[in-house]
Amino acid sequence: MSVRKNMENTAIWQVYEQETPNSITRFDQEQNVRLEEELRLDHLCWLKEAFANHMPLEGGEEGQDVGLARFHRKEPKRQPGSMTLREFQEALTDMLGSEKWTSQMELLFNKVDTSCDGYVDWDEFCTYMLLQYKERDFVSTRRETFLGTQPLIRLCLHNKQEVTTRILAVPSPPPLRFVSVSKASTLTVWDSDLRIQKSYEIASESNDFRSGRRRFKTWTTDAVYMPNVNKVAVATTSRDIHFFDVSTTNCFEEFHLFAINNVPNSLCYWCNTKSPASPSLLLWGDDVGGVNLMWFLKPHTGMFETPFTEEQGPQKVFIQDIKDHNRLITYQIIPHVHQEPISKIMYLPMGDLIITSSGSTSTSVVIMDLNRKNKVYTWKIHKGVTCFDFSKPLNLLVTGGMDHKVRLWNQYVTSQPIVVLHEHSMIVQDVAIYEPLGQIFSYSKDAVLKVWDISSQQCLRTLVLKFPCVQAGRVLEYGDFPFLLLKEPPCALLVSCGDYIGMLKLEQGGNGQDMLFTHSAKLSTAIYNPFFRQVVTGCDDSTVAVWDVETGTKCLQLNNVHGQEEITCMSFDTTQRRLITGARNGTIKVWNVQNGHNLHKLEPVAEAEVTRVLCYQDHKFLAVGWSHQLALYNTTDRRNTYVVADLSWRGGQLHKEDILAADSCPVLELLATASYDGEIIVWNTETQQVLTYLKRSRDRQVQPPVDKLLFLQRRAADTMWNNKPILISSEAGALYWWRVSGSPYEQDPLLPSESKKADNFTIPSVSSLESSHSVTQETPDSNDKLLKSHLGVQVEQGLARKMAARQERRCVFGEIDDNKLIRFGNMCTPFQALATPDMLEVQLLSALPMSSWMLSRGLACVRESDLETLPLSRQDLECEYGEESARAKGKSRLFWK
């Protein structure tokens, strides 16, 4: 009966028919130029003719690449029109007329060879190229960023025809509100649809008509939202900062910090969102290039000391009296960071980094740590910088300047940018990085908004914002910070121009196929493919992703790999071309890692989790899991999609609990499996028989399970591996080393340290280990009849199996000579006695040579019997040395007398 008929008659195969079909998503694999991208139509016509006219030579297998031949030991019969790797390389070299692409030819051959037989033909090449062209079309398709073509535009009537300096988002308390701050010191509150709710004008001494002093106009320089205390800080040219409470719908000024040494030009605020009561930081850059830092130590207790007073209005805080608030505040100044006024400041908590910019050519952008102990990175850009943005996940710095250019920089490379974007025709007012779509927004003084793709470094869209103030021949006025980018839902970009505000709704990037995140669920497993230099990851929602290590881009994504079941394990075969995945419901599948095709479906042993899949031999896989069984699968016949499980393991299914871990050592032909009860069994893969049992003492009431096994492959390849531990097991947070040859030997475990840092580990001494860490050594019990009557047949069979294994080990070691133990004068183990060579009787020469010391003493010895008369023992020598010392002391006394 065929495999297909068996599949139809077995209910266990229905799990494959009922699961959700899988789907494949391809991504741009490399950002650099690839060989297949250089092939034109005339190249394809030339290759088609080359494949059609190619005839394999007699014994053509000899010309196949040696490195590839190790993966294909049994080569199928070659067909006309098929090429080996060497023939494929020669054909491409002749076609291109250059060896420039030699390094990529082997990689292209391996991608085209989806059947993994060591040959490629024209049909396989065409299939691969069609997939690449489809992928290129998908990548080049323009992704919509905005949900509309034009922004929602509103006029701020309370600005008094002055520009909007800054727009802030206030999410707490809900619903979402926006606060715009005008240059004329007016705060306007908007709802989420840009409808004005109320406004508030900042009072200053320059506007106080009751004072007889000369009055000056005060301009607002910047504003920032303080989320942990629900306040808005507004800086002005009067060298002061106003703090407004926005915790309710009624906005009012609470504190007024005045008489600051210099004008604060730009503000930045940071707080720990996970711990709002922890210290927070307010930074500002001033008009002389200095950086000011004000730490609020107890923001929930109070920002400043509030003495009792009957005065109405905000509490005034004189900067010179800041020391009176040292219980709540610390203040620090870093002078002369820039030679010109600081245009923007940003704080990065990871590394305590401060990023500042200015219009100076010598200090355009500066990145320094808070304490200025590490290296300071300084960018020197022609005409300085008007704006910048930084993304830590992308490690990307974007700057815009007076020269109409947008530059992309690496955080640690100041000498030259990654790329320069030239399409703006006027000064760049602001830039912003939008990570969800991998894009950059730039805004120039002519009200032109451009969208750039970070990966391709191309302009995706140019949008001319049609504000009513945009008129021919009229110079537009802008605030210093026209952008507000909301990266959290509802995602939006707010842009200001004069006294107008526009809002563009953004695509969130979470539902489209162009999403560049790894998975939408938790990762469950990850493995590395050294042949293709790729990393394959799997997750709980049955998704597998293939990543290129060199570029970090996603090459392939497989959805619904096992329906909706969680992926529990993954592995590669010996050729590194086939991926084997196991799921929680017991299903196992084999995939082509390059094109995502499902090659085989392996029979589930039970509806139980598969914990490990190993490449047992060529085209054979071994699977273990919660079924307690070792299952073999033979995939030699590529035509069989469904492969039946072989449970006839010659050593028997010995595990009584769930098998949680397994690993193999091909060099020594060893296989180790471990179960939930802490038992480790080492097998011989050739005979499928038990080599040894490894288990810690049974004296412990709770035996921790073994959750991981690892063979040290390089140590196993050493000729002296017999004397070294080659197997490591992980049990309850401790690592144990095992020697599998001779007697089972367990080395000291690697235990977590008792120090506070959980990532530090120490190896304790032998004296600090409990006696239960030793290996269990079973000895035959004299009361066999009692055991048989009380323990049952299952335990009786286990004892008999262990006794047989013990007899087998004794046959390997042979007979032990007990006389060896007597010769040493102390006890040692029988296995140490085996390693000790026999003592040999040494016959001395009849005429023994005399040393110079013996001749100086007048000693003579010719026969062996005369040795007894010579003063060669330790006591004789000590006596002689004592007599010489006494004579020397007597002579010294006579001399002094």
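The values are calculated or read from the model by the stated rules, or taken from the named source; none is laboratory data. What you see is a predicted model; the values in this text were computed from it and never measured. Heads up, the Cβs are rebuilt from the backbone with ideal geometry, glycines too, and the neighbour counts pull from every protein chain shown. Please note that ligands, DNA and RNA were not included when accessible areas were found on the heavy atoms of the full protein model with its side chains. Shrake-Rupley method; radii C 1.70, N 1.55, O 1.52, S 1.80 Å.
For segment 522-552, enumerate the residues that are of a type in the set (D, E, K, R), within 24 Å of residue 20 (Cβ to Cβ) and surrounded by 14 or more Cβ atoms within 10 Å (Cβ to Cβ).
Those that are of a type in the set (D, E, K, R), within 24 Å of residue 20 (Cβ to Cβ) and surrounded by 14 or more Cβ atoms within 10 Å (Cβ to Cβ): 540, 541.
Inside segment 464-484, can you point out the residues that are assigned to a strand (DSSP E or B) and either at pLDDT below 90 or surrounded by fewer than 19 Cβ atoms within 10 Å (Cβ to Cβ) (or both)?
Result: 464, single match.
Among the numbered criteria (1) open to solvent by 10 Å² or more (accessible area, probe 1.4 Å); (2) within 24 Å of residue 183 (Cα to Cα); (3) polar (S, T, N, Q), which single criterion is violated by residue 275?
(2)
Does at least one position in segment 51-61 carry a residue that is outside any loop (DSSP other than H, G, I, E, B), of a type in the set (A, V, I, L, M, F, W, C) and modelled with pLDDT of 65 or more?
Within segment 51-61 (the criterion being outside any loop (DSSP other than H, G, I, E, B), of a type in the set (A, V, I, L, M, F, W, C) and modelled with pLDDT of 65 or more), the answer is yes, since at least one residue qualifies.
Are any residues in segment 632-660 out of contact with any Phe, Trp or Tyr (no Cβ under 8 Å at 6 or more places or on another chain) and open to solvent by less than 40 Å² (accessible area, probe 1.4 Å), and if so, which ones?
Selection gives 649, 652, 654, 655.
Give me a count of the residues in segment 688-717 that are within 15 Å of residue 732 (Cβ to Cβ) and at pLDDT 85 or above.
Summing the residues that are within 15 Å of residue 732 (Cβ to Cβ) and at pLDDT 85 or above in segment 688-717 gives 5.
For segment 367-401, which residues satisfy the criterion of being assigned to a strand (DSSP E or B), among the polar types (S, T, N, Q) and open to solvent by 10 Å² or more (accessible area, probe 1.4 Å)?
378 - this is the single residue of segment 367-401 that is assigned to a strand (DSSP E or B), among the polar types (S, T, N, Q) and open to solvent by 10 Å² or more (accessible area, probe 1.4 Å).
Which of the residues belonging to segment 433-491 are on the phi > 0 side of the Ramachandran plot and touching a residue at least 24 places away in the same chain (Cβ under 8 Å)?
The answer is 438, 447, 457.
Could you please let me know if residue 419 is under 26 Å from residue 155 (Cα atoms) and out of contact with any Asp or Glu (no Cβ under 8 Å at 6 or more places or on another chain)?
Here the answer is no, as residue 419 does not meet what is asked.
For segment 558-586, enumerate the residues that are in contact with a Ser or Thr (Cβ under 9 Å, 6 or more places away or on another chain) and open to solvent by 30 Å² or more (accessible area, probe 1.4 Å).
Across segment 558-586, the qualifying residues are 559, 560, 564, 565, 566, 584.
Output the number of the condition that residue 282 fails; it satisfies all remaining conditions of (1) among the aliphatic types (A, V, I, L, M); (2) open to solvent by 10 Å² or more (accessible area, probe 1.4 Å); (3) not in a loop (DSSP other than H, G, I, E, B).
Here residue 282 clears every test but (2).
Report whether or not residue 312 is of a type outside the set (Ser, Thr, Tyr), open to solvent by 70 Å² or more (accessible area, probe 1.4 Å), over 19 Å from residue 228 (Cα atoms) and outside any loop (DSSP other than H, G, I, E, B).
Against the criterion (of a type outside the set (Ser, Thr, Tyr), open to solvent by 70 Å² or more (accessible area, probe 1.4 Å), over 19 Å from residue 228 (Cα atoms) and outside any loop (DSSP other than H, G, I, E, B)), residue 312 does not qualify.
Residue-by-condition table, conditions (1) within 26 Å of residue 326 (Cβ to Cβ); (2) at pLDDT 90 or above:
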{"position": "210", "(1), (2)": "no, no"}
{"position": "214", "(1), (2)": "no, no"}
{"position": "231", "(1), (2)": "yes, yes"}
{"position": "241", "(1), (2)": "yes, yes"}
{"position": "262", "(1), (2)": "yes, yes"}
{"position": "270", "(1), (2)": "yes, yes"}
{"position": "286", "(1), (2)": "yes, yes"}
{"position": "300", "(1), (2)": "yes, no"}
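This table checks each residue for (1) modelled with pLDDT under 85; (2) assigned to a loop (DSSP other than H, G, I, E, B).
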{"residue": "581", "(1), (2)": "no, no"}
{"residue": "591", "(1), (2)": "no, no"}
{"residue": "594", "(1), (2)": "yes, yes"}
{"residue": "600", "(1), (2)": "no, no"}
{"residue": "605", "(1), (2)": "no, yes"}
{"residue": "611", "(1), (2)": "no, no"}
{"residue": "614", "(1), (2)": "no, no"}
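Go through (1) within 45 Å of the chain's Cα centre (by Cα); (2) in a loop (DSSP other than H, G, I, E, B); (3) of a type in the set (Gly, Ala, Ser) and name the single condition residue 184 misses.
(1)
Scan segment 341-366 residue by residue and report those that are assigned to a strand (DSSP E or B), closer than 16 Å to residue 395 by Cβ and open to solvent by 20 Å² or more (accessible area, probe 1.4 Å).
Once the filter is applied, which keeps residues that are assigned to a strand (DSSP E or B), closer than 16 Å to residue 395 by Cβ and open to solvent by 20 Å² or more (accessible area, probe 1.4 Å), segment 341-366 yields 346, 348, 353.
So, in segment 587-605, of the ones that are touching a residue at least 60 places away in the same chain (Cβ under 8 Å) and open to solvent by 20 Å² or more (accessible area, probe 1.4 Å), which residue ends up farthest from the chain's Cα centre (by Cα)?
603
If only one of 244, 258 is within 29 Å of residue 174 (Cβ to Cβ) and among the aromatic types (Phe, Trp, Tyr), which one is it?
244
Sort out for me the strands (runs of 3 or more DSSP E) sitting completely within segment 629-734 that have 2 or more residues that are small (Gly, Ala, Ser) and closer than 15 Å to residue 616 by Cβ.
659-665
So which residues in segment 531-564 are touching a Gly at 6+ places or on another chain (Cβ under 9 Å) and in a loop (DSSP other than H, G, I, E, B), if there are any at all?
Answer for segment 531-564, where residues must be touching a Gly at 6+ places or on another chain (Cβ under 9 Å) and in a loop (DSSP other than H, G, I, E, B): 542, 561, 562.
For segment 661-678, name all the residues that are open to solvent by 20 Å² or more (accessible area, probe 1.4 Å) and at pLDDT 90 or above.
664
Quick one: count up the residues across segment 171-184 that are closer than 14 Å to residue 230 by Cα and surrounded by 20 or more Cβ atoms within 10 Å (Cβ to Cβ).
2
In segment 187-204, which residues are over 17 Å from residue 151 (Cα atoms) and in a loop (DSSP other than H, G, I, E, B)?
202, 203, 204
Out of 240, 321, 287, report the one residue that is of a type in the set (Asp, Glu) and open to solvent by less than 20 Å² (accessible area, probe 1.4 Å).
That would be 240, the only listed residue that is of a type in the set (Asp, Glu) and open to solvent by less than 20 Å² (accessible area, probe 1.4 Å).
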